[in-house]
Amino acid sequence: MDRPESTVRRWLRRATDEHLQWMCHQGNRRLIQIASEVFSAIRYARNLLLQHTLCILSAAAVEDRRGFGFTDPPWDLIGIYTQGRLLSPPRSG
């Protein structure tokens, strides 16, 4: 996804379980809408963040680009799916 390792490491340290679950839900929702068959092709890693969140969000971005011809960078699309809250949890209330 063309991001520095230091950025990903910083994100891994900041992500709470609640935030990961919320982001994973956002990615799942989008991927179900556009290409639910892709779920069977995803290769998961061991860690929850990598296993669901990054894989699902990345797959949704790839499928949006492939299926709809979007030219936006994948991280821009992921920012849309997560409502600009990739690194900060959604506000309660």
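The values are calculated or read from the model by the stated rules, or taken from the named source; none is laboratory data. A quick note: this is a predicted structure, and the numbers were derived from the prediction, not measured. We place every Cβ from the backbone using ideal geometry, glycine too, and count neighbours over all the protein chains shown. Accessible surface is based on the protein model in full, side chains and every heavy atom, while ligands, DNA and RNA are left aside. Shrake-Rupley method; radii C 1.70, N 1.55, O 1.52, S 1.80 Å.
Points to keep in mind about this one:
- Neighbourhood net charge (12 Å Cβ-Cβ; Lys/Arg +1, Asp/Glu -1) for Leu86: +3
- Counting only heavy atoms of the protein chains and using a 1.4 Å probe, Phe68 has close to 120 Å² of accessible surface.
- Rolling a 1.4 Å probe over the protein heavy atoms leaves Thr71 with an accessible area of roughly 120 Å².
- Added length on full extension, which subtracts the Cα-Cα distance from 0.36 nm per residue, Leu12 to Phe70: 18.1 nm
- Positive contributions from Lys and Arg (+1) and negative ones from Asp and Glu (-1), summed over other residues with Cβ under 14 Å from the Cβ of Ala60, come out at -1.
- Computed with every protein chain present, the accessible area of Ser40 is close to 100 Å² [probe 1.4 Å].
- Restricting the calculation to Cα atoms, every distinct pair contributes to the Kirkwood radius of segment 1-44, found to be 12.2 Å.
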